[in-house]
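Take a look at the structure set out below.
The values are calculated or read from the model by the stated rules, or taken from the named source; none is laboratory data. Just so it is clear, the model here is predicted, and its values are computed rather than measured. For neighbour counting, all protein chains shown are included, and Cβ atoms are generated from backbone atoms with ideal geometry for every residue, glycine included.
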There are 2 protein chains.
Amino acid sequence: MALFEGISAFPITPADEHGVVDVEGVARLVTHLADARVDSIGLLGSTGTYAYLSRTERRRALRAAVKAVAGRTPLMVGVGSLRTDDAQDLARDAEAEGADGLLMAPVSYTPLTQDEAFEHYVAVAATTRLPLCIYNNPGTTHFNFSPALLDRLAEVPNIAAVKMPLPANCAINADLADMRARTMSKLAIGYSGDWGMADALLAGADAFYSVLAGFLPAQAMAIAKSAADQDRHEVARVDRQLARLWELFRELGSLRVAYVAAAELSLATVTPPRPILPVSADDQRRIAKALWMTTGDEAEPPEVAA
Amino acid sequence: MALFEGISAFPITPADEHGVVDVEGVARLVTHLADARVDSIGLLGSTGTYAYLSRTERRRALRAAVKAVAGRTPLMVGVGSLRTDDAQDLARDAEAEGADGLLMAPVSYTPLTQDEAFEHYVAVAATTRLPLCIYNNPGTTHFNFSPALLDRLAEVPNIAAVKMPLPANCAINADLADMRARTMSKLAIGYSGDWGMADALLAGADAFYSVLAGFLPAQAMAIAKSAADQDRHEVARVDRQLARLWELFRELGSLRVAYVAAAELSLATVTPPRPILPVSADDQRRIAKALWMTTGDEAEPPEVAA
């Protein structure tokens with residue numbers, strides 16, 4: 001399977017309260033994902049708190065991941081930064097360390113114009129030979145790509161994919177058909193927003209960029225496999241087991257849930273970077289309960305590879 | 001006049017394309033503002049591109065400003081950062097370099113909860129003896145302070161002021177009355193969004209945080225003086241001369257206009273940090289024309305102190 005196809009798993013990046021990355025923790029997490037045969041790993045995505053880590057620490061995390069995965073699973077890495085020159089530096093670092101692809105969101109403080117975002121992508125794509133995925137994440141960046149801008153970006157060398165948010169009305173079939181009818185159809189089109197995973201994959205999206213797959217990769221792969229077979233009954237069955245988790249993703253933010261899940265599943269015991277706070281003890285219990293339910297057996301926690 | 005009262009002027013921060021601050025340029029700009037007797041200078045605000053500069057360069061800019069102003073004008077400095085520990089470091093730097101106060105916006109990537117923003121402010125305010133102004137700027141941070149959160153923050157030691165956005169319906173009198181009736185009335189209440197300057201000052205806001213005052217301080221001071229005298233006729237006259245500039249602030253973003261204005265007025269010839277692009281030649285001409293009109297004489301550019 002190609003880089004921007006199938007299930008891309010987005011793990012948290014274990015780090016201490018000073019933003020120092022725990023490289024052994026990174027290695028353990030990506031090994032867990034590679035063992036589960038996810039189609040790719042999205043290191044230092046939003047869930048990987050790229051925005052909160054220094055250039056040096058991002059490089060340390062990537063180096064540890066490349067070494068641990070050892071070519072078994074393609075690695076794409078987030079290179080978003082407020083400044084164009086910083087994003088270029090991060091892209092060069094990613095190529096030098098052996099990443100297979102880049103993800104970049106139009107991080108902004110001063111709201112960007114469509115032209116400014118275009119030039120930002122062109123400048124970063126030109127510094128690397130790696131394929132780049134446009135990380136369209138208005139929930140964190142507050143930037144909205146117009147269809148015309150995505151068409152322009154699809155013509156830029158090295159820009160190969162786009163990670164879209166779920167359409168507001170949940171009409172993924174129509175959203176995908178609209179995109180496939182435009183110039184942007186040159187891009188591999190994937191989605192994120194895990195509660196839409198089943199619908200997006202059944203609709204024929206090229207990829208799904210998944211927070212769930214960062215801690216329960218087998219469940220995400222099960223949905224992808226059944227969706228590829230168009231086995232709607234099986235997709236719905238697995239999706240039902242995840243319903244409580246989807247509710248908590250939407251209520252608390254998937255990042256906050258991912259930290260608790262990683263701890264509950266003994267994958268990593270760390271807290272998110274302040275100002276993001278650990279969730280309440282009550283919410284922790286709700287997340288733990290939702291994790292048990294993903295096995296379809298309310299009495300037992302899901303199995304996790306050692 | 002106290003620190004968070006009257007006109008606070010927000011200059012750009014001259015820097016090269018690598019984010020290296022031009023300290024002589026900073027000194028020239030703040031001297032211009034101190035000479036015009038603005039009530040305070042807001043260094044490294046949104047217009048001062050704090051979000052795009054490294055800790056070291058922010059420190060260099062502040063050191064140059066403190067030296068140039070030499071105690072003539074109170075200096076407040078932006079210490080916003082995505083990470084709480086980084087914002088604490090910036091607050092310590094500001095105090096060590098001799099700033100008089102701090103401004104802090106709840107910069108975020110993962111959207112913050114009200115509690116997370118509260119704890120972030122408490123943690124930063126506790127690291128310093130300097131008074132802190134809450135920088136409520138949803139246009140850049142996308143964080144919305146609830147009235148209850150502002151009430152809680154008003155009780156925190158060192159938190160002394162709030163910089164509010166203009167209310168959506170332009171009803172500043174009602175907005176201010178609502179705030180004055182709550183616990184948050186312990187805070188000095190100021191506004192930003194320059195096109196609302198005349199209304200906010202006539203309504204009795206304690207302060208106005210002004211981008212215009214960063215390049216045409218005399219015009220902002222003229223509005224403030226006439227507003228303090230409740231001379232509505234004179235306020236309206238000066239405001240009319242600024243009408244085209246306000247339109248361009250709203251259309252292009254005040255940051256982009258401030259860069260052109262600084263160049264037109266020979267205060268600083270620099271470009272904004274990429275990905276922000278210089279405006280088109282046509283928009284540059286429109287800004288230059290709007291600057292001429294601020295003198296009330298369409299034929300002549302305004303006078304600028306050397």
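Worth a mention:
- Residues in region A:279-290 that are part of a helix (DSSP H, G or I) and of a type in the set (S, T, N, Q): A:Gln284 only.
- Within region A:156-166, tally of residues that are assigned to a loop (DSSP other than H, G, I, E, B) and either in contact with a Pro (Cβ under 7 Å, 6 or more places away or on another chain) or surrounded by 14 or more Cβ atoms within 10 Å (Cβ to Cβ) (or both): 3
- Only one of the numbered conditions (1) of a type in the set (Gly, Ala, Ser); (2) more than 12 Å from every other protein chain (Cβ to nearest Cβ); (3) in a loop (DSSP other than H, G, I, E, B); (4) touching a helix residue (DSSP H, G or I) at 6+ places or on another chain (Cβ under 7 Å) is not met by B:Ser108, and that is (2).
- Filtering region B:112-155 to residues that are outside any helix (DSSP H, G or I) and under 24 Å from B:Ile41 (Cα atoms) leaves B:Ala126, B:Thr127, B:Thr128, B:Arg129, B:Leu130, B:Pro131, B:Leu132, B:Cys133, B:Ile134, B:Tyr135, B:Asn136, B:Asn137.
- Test: A:Ala174 is of a type in the set (Gly, Ala, Ser) and under 30 Å from A:Leu291 (Cβ atoms): no
- Contact map, region A:58-78: residues that are more than 9 Å from A:Val30 (Cβ to Cβ) paired with residues that are in a loop (DSSP other than H, G, I, E, B) and aromatic (Phe, Trp, Tyr), Cβ distance under 7 Å, separation 6+ or inter-chain. No pairs are found.
- Applying the criterion of being within 14 Å of chain B (Cβ to nearest Cβ) and in contact with a Pro (Cβ under 8 Å, 6 or more places away or on another chain) to the residues of region A:19-52, the residue that is nearest to A:Arg256 (Cα to Cα) is A:Thr47.
- Selection status of B:Pro138, closer than 22 Å to B:Asp86 by Cα, surrounded by fewer than 19 Cβ atoms within 10 Å (Cβ to Cβ) and free of Cβ contacts under 8 Å to residues at least 40 places away in the same chain: yes
- Residue check for B:Tyr191: touching a residue at least 24 places away in the same chain (Cβ under 8 Å) and touching a Pro at 6+ places or on another chain (Cβ under 9 Å): yes
- Residue within region A:271-278 that is more than 11 Å from chain B (Cβ to nearest Cβ), assigned to a helix (DSSP H, G or I) and not aromatic (Phe, Trp, Tyr) present: no
- For region A:61-87, residues that are within 13 Å of A:Glu97 (Cα to Cα), under 19 Å from the mean Cα position of the chain (by Cα) and of a type in the set (D, E, K, R) total 1.
- Set B:Asn173, B:Asn158: member being polar (S, T, N, Q), touching a Ser or Thr at 6+ places or on another chain (Cβ under 9 Å) and touching a residue at least 12 places away in the same chain (Cβ under 8 Å): B:Asn158
- Flag for B:Glu97 being at pLDDT 95 or above, among the charged types (D, E, K, R), out of contact with any strand residue (DSSP E or B) (no Cβ under 7 Å at 6 or more places or on another chain) and closer than 20 Å to B:Met164 by Cα: no
- A residue that is more than 21 Å from the chain's Cα centre (by Cα), within 14 Å of chain A (Cβ to nearest Cβ) and over 24 Å from A:Val107 (Cα atoms) occurs nowhere in region B:95-103.
- Filtering region A:1-18 to residues that are within 14 Å of chain B (Cβ to nearest Cβ) and either crowded, with 18+ Cβ neighbours inside 10 Å or within 17 Å of A:Pro217 (Cα to Cα) (or both) leaves A:Phe10, A:Ile12, A:Thr13, A:Ala15.
- Elements of type helices (runs of 4 or more DSSP H) contained in region B:167-251, each with 2 or more residues being surrounded by fewer than 22 Cβ atoms within 10 Å (Cβ to Cβ) and acidic (Asp, Glu): B:172-180, B:232-241
- Residue check for A:Asp93: charged (D, E, K, R) and closer than 19 Å to B:Gly19 by Cβ: yes
- Count of residues meeting criterion [of a type in the set (Asp, Glu) and more than 16 Å from A:Arg63 (Cβ to Cβ)] in region A:18-46: 2
- Flag if B:Arg256 is surrounded by fewer than 21 Cβ atoms within 10 Å (Cβ to Cβ) and within 14 Å of chain A (Cβ to nearest Cβ): no
- Sub-6 Å Cβ pairs linking a first residue in region A:283-306 that is within 17 Å of A:Ala258 (Cβ to Cβ) and modelled with pLDDT under 85 to a second residue that is assigned to a loop (DSSP other than H, G, I, E, B) and aliphatic (A, V, I, L, M), at least 6 apart or interchain, are A:Val304/A:Leu265, ordered by first then second residue.
- Selection within region B:70-94: residues that are in contact with a strand residue (DSSP E or B) (Cβ under 6 Å, 6 or more places away or on another chain) and part of a loop (DSSP other than H, G, I, E, B). The member of this set that is nearest to the other protein chains (Cβ to nearest Cβ) is B:Gly80.
- If you go through region A:25-56 and pick out every residue that is free of Cβ contacts under 8 Å to residues at least 40 places away in the same chain, farther than 24 Å from A:Arg92 by Cα and touching a Ser or Thr at 6+ places or on another chain (Cβ under 9 Å), you end up with 1.
- Filter result for the condition that a residue is in contact with a Leu (Cβ under 7 Å, 6 or more places away or on another chain), surrounded by fewer than 20 Cβ atoms within 10 Å (Cβ to Cβ), farther than 15 Å from A:Tyr109 by Cβ and charged (D, E, K, R), over B:Arg55, B:Arg72, B:Arg92, B:Arg37: B:Arg55
- When the residues of region B:118-133 are filtered to those that are under 29 Å from A:Val257 (Cβ atoms) and buried (at least 22 other Cβ atoms within 10 Å of the Cβ), the one that is nearest to the other protein chains (Cβ to nearest Cβ) is B:His120.
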